[in-house]
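To start, the structure itself, in C-alpha cells.
Only the coordinates and a few stated rules stand behind these numbers; no lab work does. Bear in mind that the values here come from a model prediction, so they are computed numbers and not experimental data. We place every Cβ from the backbone using ideal geometry, glycine too, and count neighbours over all the protein chains shown.
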Amino acid sequence: METIKKGNRGKEVIDIQSRLTALGFKLGREGVDGVFGPATEKAVKEFQKKRKLFVDGIVGEETWRELVDANYTLGDRLLYLKVPFFRGDDVVQIQKWLNVLGFNVGEIDGVFGVNTEKAVRSFQKSTGLHSDGIVGPTTIKALENLKSVVDSNIKSDFPEGVSARESSSSVAGKRIVVDFGHGYPPDPGAVGSAGLKESEMCEDIGLRFGNLIQLSGGEVCYVRNIGDFVELTERVKTANDLKANLFVSFHLNGSADPVVDGTSVYYFKRNKNFSAEGKKLAASVQRRLLEALGSEDRGIQGADFLVLKLTKMAAILIEPFFITNPERERALRKEDFRQKIAVAVFDGVQDYFTGVL
Ligand SMILES: [Zn+2]
C-alpha cells in the first residue's frame, strides 16, 4: 500500500482516523475529517509506541496491518484454521488465555495457525466441548469461565493442558481429491425451501475441508471449479490420473418430506463386491459426523454410484444431513456450522489414516 502521512487527505485517512478513534486515541478538534493533520499524526505516533512499532507518525504497511489487527476484539468474528490465517488482537487474547490455562500455543503472535488450533481443540476436549477447533461464542464463554477461576486464584480442578497429540499429521503427504457434488448450472442438486443449493453448499464445505487438509501437509485436488459442472466420468478420470490416495465427494441429501433428516456416508458395494478401504473410511467419517451433528444415524451404506465404482482409490460420498430440512437449511447459513462439518470430515479422514476406530 501507499504510505499515508501528514498532509494526505481522503477516504484512506478517514479509515485510519476511525480506527484510531475506535481504539481510544483522541483526535482532538480535528476529529474524523479525512485530513491527516497534527492531531492524527500524534495519535498515530501514540499508537505506534503502544504497539512497539517504529514511531514516525506515518502509516505504512506495518502500521496499517497493526491498525487492522488491533480493531478485532474477541467475539467479533468466528476464528478457526484456514489460509490465509486469521490474525488480530482477538487471536492474541485467545492465545494468552490458552497459555495461562496450560494449553501451549507456542509464540503469542496473533496468528491463528496450526498450533493455536491444536491448543483450542485440546482445551475443548478437556472441558467436554465438541473438539472442532472453532472459536465461537460457546468456546469463548468456556475460556472466560475458566480464566476467571484462574484469575481469582481459587484452587480448583481446572483441567490440565492435554499434551498435544502426535504432531506428525497422518494426512501429511497424502493426495486427496475433493469432489463438490453436482455443479450449477445446470445441476444444483437438492434445493432447500429457502433456496440454498446443494451444489453451492458443497463447494463451501469442500473448500473448508481442503483447507484443513492443506494445513496438515496434505495435497488437495478439486475435480471441478466453483460454479462449474463436470461429467462424472471426467471427475473419476481426474482422480485416477492423479493417483490420489482418497476420493471424497461432498453432497447434501434431499427429500420431498421436509421433516426427514439424518447422516449417511456411502462406499462402493455391488452384490458381494465392496471396497474394504472405502467402507473403513466411510465408518470413520460417519462416526465424526454423528458426533459433530448429533444427528440421526442412517448408517454407512454400500452403493455402486459411478464415482465410487470407477475410482481406483478409497472413495466415499458424504450426505451429512438433508438440505431440504428447513432447520438444517437455516443452520447452513452460519459459517460455524459449515466449518463444523468440514472439521468432522477432516477428523474422520485423519482417523482413517491413523487407524482409530
Ligand atoms: Zn447430491
Hey, what angle do you get for helix 198-215 against the long axis of the chain, alpha-carbon based, 0 to 90 degrees rounded to 10?
70
For segment 271-277, Karplus couplings with θ = phi - 60° (6.51, -1.76, 1.60), whole Hz, Gly/Pro x
6, 8, 7, 8, 8, 5, 5
If you wrap a convex hull around the alpha carbons of segment 11-70, what volume per residue comes out, as a whole number of Å³?
68
Tell me which lysines have Cα within less than 20 Å of LYS237's Cα, excluding those fewer than 8 residues away on the same chain?
LYS174, LYS269, LYS309, LYS312
Which distance in Å, rounded to a whole number, links the C-alpha centroids of segment 61-76 and segment 243-321?
42
Return the lysines within reach of LYS334: Cα separation strictly under 26 angstrom, same-chain partners fewer than 8 residues apart disregarded; answer none if there are no such residues.
LYS82, LYS118, LYS125, LYS141, LYS197
Using the count of nearby Cβ atoms within 10 Å as a rough guide to exposure, how do LYS96, LYS197 rank from fewest to most?
LYS96, LYS197
List the lysines whose Cα sits under 30 Å from the Cα of LYS42, skipping any in the same chain fewer than 8 residues away.
LYS5, LYS6, LYS11, LYS26, LYS50, LYS52, LYS96
List the relative contact order of the chain as a percent without decimals, with contacts defined as Cα pairs under 8 Å and 6+ residues apart.
13
Over what distance in Å are the Cα centres of segment 322-339 and segment 121-151 separated?
23
For Cα pairs less than 8 Å apart in space and 6+ apart in sequence, what is the mean separation divided by the residue count of segment 264-357, i.e. the relative contact order in percent?
39
What percent does the relative contact order of segment 175-354 come to when contacts are Cα pairs within less than 8 Å and at least six residues apart?
29
Degrees separating the helix 114-126 axis from the principal Cα axis of the chain, which is the longest one
70
Under 5 Å between amide hydrogens, which residues at least 5 positions from ASN8 or on another chain qualify, with H placed 1.01 Å from N in the peptide plane?
PHE36
Considering every pair of different Cα atoms, what Kirkwood radius, in Å, is found for the chain?
22.7
Note to self: C-alpha centroids of segment 204-220 and segment 224-242 sit apart, in Å, by 17
Can you work out the Karplus-derived ³J(HN,Hα) for every residue in segment 316-325? Use 6.51 cos²θ - 1.76 cosθ + 1.60 with θ = phi - 60°, whole Hz, and x for glycine or proline.
9, 10, 9, 10, x, 6, 9, 5, 7, 8
Among LEU20, LEU143, PRO186, whose Cα projects farthest towards the positive end of the dipole of the chain, with charges put on the beta-carbon of Lys, Arg (+1) and Asp, Glu (-1)?
LEU143
Per residue of the chain, what 222 nm ellipticity follows from adding -39500 (n - 2.57) for every DSSP H run with n ≥ 4, rounded to the nearest 500?
-13500 deg cm²/dmol
Any idea what angle helix 11-22 forms with the longest principal axis of the chain, computed on alpha-carbon atoms, 0 to 90 degrees, nearest 10?
80
Could you derive backbone 3J(HN,Hα) for segment 298-310 from the dihedral phi with the Karplus parameters 6.51, -1.76 and 1.60 (θ = phi - 60°), listing whole Hz in sequence and x where the residue is Gly or Pro?
8, x, 7, 9, x, 8, 10, 4, 3, 5, 8, 6, 8
Check LYS174: other-chain or 5+ apart residues with amide H under 5 Å from its amide H, H built from backbone geometry?
GLU219
